[in-house]
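First the structure, in the form of structure tokens, and then the observations on it.
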Amino acid sequence: MELSKDYNFQEIEKKWQKYWEEKKIYAFDPHNKKNIYSIDTPPPTLSGKMHIGHAFSYSQQDFFVRYQRMRGKNVFYPFGTDDNGLPTERMIEKLKNVKSTKMQRQEFISLCNETLKELRPGFIQDWRDIAISCDWNIFYSTIDKHCIKTSQKSFLDLYKKKLVYKKEDAFIWCVQCQTAIAQAELEDKEQDSTFNDILFTLESGEKITISTTRPELLPACVALFVHPEDKRYKHLFGKKVKVPLFNQEVKIYSDESVDQEKGTGILMICSYGDKNDVEAVKRKNFKARICITRDGKMNEFAKQFLGLPIKEARKAILDQLEKEKVVVTKKPIKHIVNVHDKCGTDIEFLDSFQWFIKVLDHKKELLEAGRKIKWYPEYMRTRYEHWVEGLQWDWCISRQRHFGVAFPAWNCKDCKTILVAEEKQLPVDPFIDKPIKKCSCGSQEFEAERDVMDTWATSSLTPQIAFNWVGDKDCSGDLKMFPMDLRVQAHDLVRTWAFYTIVKSLYHHKKIPWKKIAISGHIMDPHGRKMSKSLGNVIEPRSILDKYGADAWRFLAASSKLGENIPYQEKDLQTGKKMIIKLWNASKFCITHLENSTPEKVELEAFDRWLLTKLNLLIKGCTGVFENYEYAKAKVDIEEFFWHTFCDNYLEIIKDRLYNADKRGTKAKQSAQYTLYQTLLTLLKLLSPIMPHITEEIYQHYFIRFEKTKSIHLSSWPEEHKEWNDKKIEKSGDLAIQTISLVRQEKTKAQKSLKEPVRKIILSKKLKILEQDIKAVTQAQELLYGKEFKVEL
């Protein structure tokens, strides 16, 4: 039975996705004695649909997984969704037009859980549609009971080891999301602003000038600093000045933290404009004057500006300062501002109680752990090291939200002591459950810890979640498999997911979480810009899959090396489509000529030995680069071999033997058939990690009857055949290909058809072994041998 005339990707891709699932092709077998290959899969944030960055990086990780499965590994490849914490809250608020801060906690949590239950199947289907070969039965949600239990166990372990603590401090705060955030959630954003020189008045009446971009923090001013070696201002040390508009008196201090070259050389200390302010207030033990509320409004310290949002207050205060003629200059500038990566809002520093995991005291161990992991590409380790070295705060893990993993802790109402749950209680909801024991002060009255954990506090435990650290009965994983073999993720997650997972693994197990980490790049818009809704340049994966199919998309994803950003170009999808069509048509040709034959080894013709030598080199090369996570190199080499060596040359050369067996002989035809079988099957296997659907379709149509394996993706990766290596015939074959190409060029110059006969060709004696195939493919009437190549048309 022949392959159909055209390849219908819509039907074929759905057919094999269904087959793979029904036949459990990708199922992990915990009882199998094969070597295990485990992958720490990034759980995507459940946002309603997959974005193009997901489609790009997950396709790339799947290339590695499929390759390892064909190498005979028992693949442990779970899938999870990250659906707790702030990103989920924001999505639910938008979808349901609600505000979590204006709802009862339990009511909002129920709404989140119900909505996630509705969205999750459709969201996960996007990953199935791009043929991610996970074991879909090993599934987790970062808000399910298993994950909550794991996350709470992590907290208890860190608490016992004194690696987590709670304290009140001025810390990074998002007024839009109304929660503390971690350093890793900060992004730099260039903004327009003004650099304002403002007059302050000393008790003596003398005027001094300070420079600021944030006049709205004048009500929070607690001191002025000048450098002790700044001769301009030595007479000011210890004196007091009055803050314009708000009239509080503040003292002028000598402090070496001042940059004499910045602004006027006088530094305004507020509570709080930045980290330097925070450190200065602590160092000098100043009493803070917080003038901004947690929702980003001015408070009573701002007097007549009470209730104004921050940016409105900035303008209003500056306008009033100008009216009172205390603004000396106002210069337009562009400067970099820290914003919250989730919402783009400028961050503030506000006093609050937060939970922190210690990292600043453990930088050395964290750097050493990073060096024990093999990074692909290697330079990504430098990015990790720069992040660790640049840490300024411990890891803040508490969030002032409703939906997330609860801290398994309570506060004693009488003595305010913190009590934590016992592990046997997990998972716990401190609003419902109570401590098993009474407080050391004798009290049995407790208040639940109201904050929830940051989503990264749970996502950083994906290896422990997958390997069932908490020992739940219905989980496939086993902590004996720890550490995992591979983590795959995008480069923007090095500072978060990679770093946090290393922290947790080191603290809990004194081990690295994975042996290797592969870092993918991003797919950008055609102009090299990041895709974002605000720029209107987002391309939806669904539209690509509907038009070109998953295999063409995966072919595009294989064009980019690890860590490399590439621009989206539709022509790359068209190239993938051409590859599919060519593979389909070449396979139809091959299978037509393989019917009624068997793949038994026969005595090989010279050109067949040449092709199999080239095929051996391809197998060796692809195996090497896949082992080194260089799928892009494998894709290029396979393309080159398939299009040029196989289709353009070899298939044309053997047509005479296939069609004219009565003239060339049965053995010559059988030699070509054996070579066709081996080459096409090998090409399908080499391509299958990248293009799983079309390779499965062709394999199932013909090769399964001989291979006896129920899927190409469970078949063995091609091995080198030493008996195929023939360096001498390789050189002769290469020379023959050059000769055939020159003959074709001569025909083209003479405007003759390639099928038109040639009177005479003079060629090298080295090609005598290949003369019958050369004569047939060139349509030469006579072949002669000499030192110089010559064609007579």
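Checked against (1) open to solvent by 10 Å² or more (accessible area, probe 1.4 Å); (2) closer than 12 Å to ILE517 by Cα, MET380 passes all but condition (1).
Among the residues making up the range 234-274, those that are buried (at least 18 other Cβ atoms within 10 Å of the Cβ) and assigned to a strand (DSSP E or B) are VAL241, VAL250, ILE252, TYR253, ILE266, LEU267, MET268, ILE269, CYS270. Somewhere in the range 293-301, is a residue modelled with pLDDT of 95 or more, of a type in the set (A, V, I, L, M, F, W, C), touching a Pro at 6+ places or on another chain (Cβ under 7 Å) and in a loop (DSSP other than H, G, I, E, B)? There is no residue in the range 293-301 that is modelled with pLDDT of 95 or more, of a type in the set (A, V, I, L, M, F, W, C), touching a Pro at 6+ places or on another chain (Cβ under 7 Å) and in a loop (DSSP other than H, G, I, E, B). Within the range 4-14, being part of a helix (DSSP H, G or I), open to solvent by less than 90 Å² (accessible area, probe 1.4 Å) and either modelled with pLDDT under 95 or out of contact with any Gly (no Cβ under 8 Å at 6 or more places or on another chain) (or both) holds for one residue alone: ILE12. In the set (1) open to solvent by 50 Å² or more (accessible area, probe 1.4 Å); (2) within 25 Å of the chain's Cα centre (by Cα); (3) among the acidic types (Asp, Glu), the condition left unmet by ASP40 is number (1). Within the set LYS667, LYS731, LYS747, LYS655, the sole residue that is without any contact (Cβ under 8 Å) to a residue 60 or more places away in the chain, assigned to a helix (DSSP H, G or I) and open to solvent by 40 Å² or more (accessible area, probe 1.4 Å) turns out to be LYS731. Within the range 423-450, residues that are free of Cβ contacts under 8 Å to residues at least 40 places away in the same chain reach partners that are β-branched (Val, Ile, Thr) with beta carbons closer than 7 Å, at six or more positions or on different chains, in the pairs GLN425/ILE436; CYS439/THR417; SER440/THR417; CYS441/THR417.
Using the structure shown, decide if TYR58 is open to solvent by less than 10 Å² (accessible area, probe 1.4 Å), in a helix (DSSP H, G or I), touching a helix residue (DSSP H, G or I) at 6+ places or on another chain (Cβ under 6 Å) and among the aromatic types (Phe, Trp, Tyr). No; evaluated as a whole, the condition is false for this residue. Count of the range 182-193 residues, restricted to those that are open to solvent by 20 Å² or more (accessible area, probe 1.4 Å) and outside any strand (DSSP E or B), is 1. Among strands (runs of 3 or more DSSP E) entirely within the range 323-377, having at least 1 residues that are closer than 26 Å to GLY296 by Cα singles out 327-340, 347-357.
Which one is most open to solvent (accessible area, probe 1.4 Å), of the residues in the range 277-296 that are under 22 Å from ASN247 (Cα atoms) and of a type in the set (Lys, Arg)? Applying the filter and picking the extreme gives LYS287.
Is the range 650-660 home to any residue that is farther than 14 Å from ASP773 by Cα and charged (D, E, K, R)?
No, there is no match, as no residue in the range 650-660 is farther than 14 Å from ASP773 by Cα and charged (D, E, K, R).
Please specify each residue of the range 454-486 satisfying the condition of being crowded, with 21+ Cβ neighbours inside 10 Å and assigned to a helix (DSSP H, G or I). Within the range 454-486, THR455, TRP456, ALA457, THR458, SER459, THR462, PRO463, GLN464, ILE465, ALA466 qualify.
What residue, of GLU746, GLU756, is over 53 Å from the mean Cα position of the chain (by Cα) and of a type in the set (Asp, Glu)? The conditions single out GLU756. From the list ASP472, ASP551, the one residue that fits, being touching a His at 6+ places or on another chain (Cβ under 7 Å) and over 26 Å from GLU627 (Cβ atoms), is ASP472. Yes or no: ARG120 among the basic types (Lys, Arg), in contact with a strand residue (DSSP E or B) (Cβ under 8 Å, 6 or more places away or on another chain) and in a helix (DSSP H, G or I)? Yes. When the range 384-411 is limited to residues that are closer than 18 Å to GLU449 by Cβ and not in a loop (DSSP other than H, G, I, E, B), the one that is most open to solvent (accessible area, probe 1.4 Å) turns out to be ASN411.
Close Cβ contacts (under 6 Å, 6 or more residues apart or on different chains) running from residues in the range 515-538 that are closer than 30 Å to SER38 by Cβ to residues that are acidic (Asp, Glu) and buried (at least 17 other Cβ atoms within 10 Å of the Cβ) comprise LYS515/ASP485. Please verify whether TRP643 is assigned to a helix (DSSP H, G or I) and within 34 Å of the chain's Cα centre (by Cα), treating the condition exactly as stated. Yes; evaluated as a whole, the condition is true for this residue. For the range 95-138, a residue qualifies if it is hydroxyl-bearing (Ser, Thr, Tyr) and under 21 Å from ALA466 (Cβ atoms), and exactly one does: SER133.
Results for (1) open to solvent by less than 50 Å² (accessible area, probe 1.4 Å); (2) over 20 Å from THR150 (Cβ atoms), shown as yes or no for each residue.
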position: LYS413; (1), (2): no, yes
position: LYS424; (1), (2): no, no
position: LYS437; (1), (2): no, yes
position: SER440; (1), (2): no, yes
position: GLU445; (1), (2): no, yes
position: ALA448; (1), (2): yes, yes
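Can you pull out the residues in the range 355-388 that are of a type in the set (Val, Ile, Thr) and over 16 Å from GLY521 (Cβ atoms)?
Of everything in the range 355-388, those that are of a type in the set (Val, Ile, Thr) and over 16 Å from GLY521 (Cβ atoms) turn out to be ILE357, VAL359, ILE373, VAL388.
What do you reckon, is PRO567 open to solvent by less than 10 Å² (accessible area, probe 1.4 Å) and touching a Pro at 6+ places or on another chain (Cβ under 7 Å)?
no
Once the range 590-613 is narrowed to residues that are buried (at least 19 other Cβ atoms within 10 Å of the Cβ) and charged (D, E, K, R), the residue that is nearest to CYS647 (Cα to Cα) is ASP608. Every condition in (1) more than 20 Å from TRP395 (Cβ to Cβ); (2) open to solvent by 30 Å² or more (accessible area, probe 1.4 Å); (3) in contact (Cβ under 8 Å) with a residue 40 or more places away in the chain holds for TYR159 except the one numbered (1). Taking the criterion of being touching a residue at least 40 places away in the same chain (Cβ under 8 Å) and outside any loop (DSSP other than H, G, I, E, B), the residues of the range 547-573 that qualify are TYR548, ALA550, ASP551, ALA552, TRP553, ARG554, PHE555, ALA557, ILE566, PRO567. Of all residues in the range 706-728, those being in a loop (DSSP other than H, G, I, E, B), acidic (Asp, Glu) and either open to solvent by 70 Å² or more (accessible area, probe 1.4 Å) or in contact with a strand residue (DSSP E or B) (Cβ under 9 Å, 6 or more places away or on another chain) (or both) number 2.
Go through the range 162-181 and give me each residue that's open to solvent by 10 Å² or more (accessible area, probe 1.4 Å) and of a type in the set (Phe, Trp, Tyr). The answer is TYR165, and nothing else. Look through the range 487-518, keep the residues that are within 19 Å of the chain's Cα centre (by Cα) and small (Gly, Ala, Ser), and return whichever of them is surrounded by the fewest Cβ atoms within 10 Å (Cβ to Cβ). The selected residue is ALA490.
The values are calculated or read from the model by the stated rules, or taken from the named source; none is laboratory data. This one's a predicted model, so the numbers in the text were calculated from it and none came from an experiment. Counting neighbours? That spans all protein chains shown, and the Cβs are built from the backbone with ideal geometry, glycine included. All accessible areas refer to the heavy atoms of the entire protein, side chains included, with ligands and DNA or RNA removed. Shrake-Rupley method; radii C 1.70, N 1.55, O 1.52, S 1.80 Å.
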